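One structure is given here, and the rest of the page talks about it.
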Ligand code: FES
């Protein structure tokens, strides 16, 4: 059994990979998002951004208030292509 700890399951990012990026100088969630695609999977960060913020706090000594979450962009919930393409207003 693997002892890897997955932080972002959508993008298969482990705790070790995120910590390595922080050690390389990526000190915000936006920077980690750009480098690793953290939070860009199908759940749009619902499963990983808070965990990654906690890692950033531990590694940088900052408080959670100092590390802002990336802005949420619509759609805020998954929407099927059929719904977007439909003429119906439902
Ligand atoms: S767990 Fe990271 S984007 Fe879904």
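The values are calculated or read from the model by the stated rules, or taken from the named source; none is laboratory data. Since this is a predicted model, take the numbers as computed values, not measurements. Here Cβ is always computed from backbone atoms with ideal geometry, including for glycine, and neighbour counts include all displayed protein chains.
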- [ ] Please verify whether segment 35-45 includes one or more residues that are at pLDDT 95 or above, buried (at least 17 other Cβ atoms within 10 Å of the Cβ) and part of a helix (DSSP H, G or I).
- [x] yes
Among the residues of segment 66-84, the number that are crowded, with 16+ Cβ neighbours inside 10 Å and either more than 13 Å from the ligand (Cβ to nearest atom) or within 18 Å of residue 15 (Cα to Cα) (or both) is 1
For segment 33-65, the count of residues that are touching a helix residue (DSSP H, G or I) at 6+ places or on another chain (Cβ under 8 Å) and away from the ligand (no atom under 11 Å from the Cβ) equals 11
Residue 57 fails exactly one of (1) free of Cβ contacts under 8 Å to residues at least 12 places away in the same chain; (2) in a strand (DSSP E or B), namely (2)
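Kindly indicate whether residue 18 is surrounded by 10 or more Cβ atoms within 10 Å (Cβ to Cβ) and either in contact with a strand residue (DSSP E or B) (Cβ under 7 Å, 6 or more places away or on another chain) or modelled with pLDDT under 95 (or both).
yes
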Picked from segment 1-25 (must be free of Cβ contacts under 8 Å to residues at least 12 places away in the same chain, assigned to a loop (DSSP other than H, G, I, E, B) and within 16 Å of the ligand (Cβ to nearest atom)), the residue nearest to residue 62 (Cα to Cα) is 5
